[in-house]
1. May I ask you to say which residue of 55, 37 is under 24 Å from residue 121 (Cβ atoms) and at pLDDT 95 or above?
2. Just to verify a result, which residue in region 201-227, among those that are more than 17 Å from the chain's Cα centre (by Cα) and within 25 Å of residue 32 (Cβ to Cβ), is surrounded by the fewest Cβ atoms within 10 Å (Cβ to Cβ)?
3. Any idea which residue in region 13-28 is surrounded by the fewest Cβ atoms within 10 Å (Cβ to Cβ), counting only those that are more than 19 Å from the chain's Cα centre (by Cα) and in contact (Cβ under 8 Å) with a residue 60 or more places away in the chain?
4. Do we have residue 126 as surrounded by fewer than 22 Cβ atoms within 10 Å (Cβ to Cβ) and either within 16 Å of the chain's Cα centre (by Cα) or farther than 21 Å from residue 210 by Cα (or both) here?
5. In this structure, does residue 54 turn out to be in contact (Cβ under 8 Å) with a residue 40 or more places away in the chain and part of a loop (DSSP other than H, G, I, E, B)?
6. Name the pairs: first residue in region 114-138 and more than 12 Å from residue 98 (Cα to Cα), second residue in a helix (DSSP H, G or I), Cβ to Cβ under 6 Å, at least 6 apart or on different chains?
7. Just give me the residues in region 73-99 being in contact (Cβ under 8 Å) with a residue 40 or more places away in the chain and out of contact with any helix residue (DSSP H, G or I) (no Cβ under 7 Å at 6 or more places or on another chain), in sequence order.
8. Exactly one of (1) closer than 18 Å to residue 134 by Cα; (2) in contact (Cβ under 8 Å) with a residue 40 or more places away in the chain; (3) outside any loop (DSSP other than H, G, I, E, B) is unmet by residue 38. Its number?
């Protein structure tokens with residue numbers, strides 16, 4: 001079986017056919033899903049979905065770096081985490097991190113301090129609750145590493161949708177973190193050049209659906225049923241069998257997120 005360790009089933013893109021999307025994913029062998037929050041509403045929805053699909057959907061709660069200018073209050077995340085009934089449904093903090101890319105014409109420079117503050121607060125939250133962290137990083141690896149190194153200890157976690165170079169990969173490996181690989185591995189030459197160097201022991205599979213749809217389905221909404229296509233491309237690039245990627249990444253996901261095998 002496969003595990004999609006980053007899928008936005010909590011987004012409105014899936015409101016019309018969410019049950020069908022989950023069913024089609026299961027038919028494709030994708031049996032468990034990590035659904036991260038990016039803001040107040042999506043965190044609440046992620047937990048709701050995990051409660052509705054116990055043992056199948058697991059929630060992560062966190063604030064995306066684009067939320068930083070709104071100065072979000074982490075007390076809501078604390079409320080979710082301190083609810084005893086939620087402990088078996090919330091398996092990580094995230095999606096949080098840093099994103100310095102120019103987004104829709106907005107210059108990132110003015111938001112860097114706010115992003116770093118929000119990220120550091122969520123890293124500490126992960127340590128306080130002994131949870132792994134799902135990290136978003138785009139054009140910001142130096143500051144991401146600095147934030148992690150500034151902690152009392154580095155939390156368990158994954159760099160979601162990895163977009164760095166070989167040196168970034170080495171630092172992530174030294175920190176004992178995982179990297180998530182998404183559907184863009186089927187069309188990004190840069191990512192395809194990095195994947196052969198990623199040890200299976202630090203690899204996780206993600207769709208980031210509804211985004212980053214893999215070839216040959218680009219131009220349509222991404223779904224977790226496409227995880228096998230990502231695994232096949234990684235296997236091709238690493239010169240191994242797809243089954244090895246499936247088994248290794250499933251084991252890694254269970255280890256990082258403390259998932260049961262009963263899906």
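1. Only one candidate passes the filter, namely 37.
2. 220
3. Filtering region 13-28 for residues that are more than 19 Å from the chain's Cα centre (by Cα) and in contact (Cβ under 8 Å) with a residue 60 or more places away in the chain, the one surrounded by the fewest Cβ atoms within 10 Å (Cβ to Cβ) comes out as 27.
4. The answer is no for residue 126.
5. Here the answer is no, as residue 54 does not meet what is asked.
6. Every condition considered, the pairs that remain are 129/81; 132/256; 133/126.
7. The answer is 78, 81, 94, 95.
8. (3)
The values are calculated or read from the model by the stated rules, or taken from the named source; none is laboratory data. In this text the structure is predicted, and so the values were computed from the model without any measurement. Neighbour counts run over all protein chains shown; Cβ positions are idealised from the backbone, glycine included.
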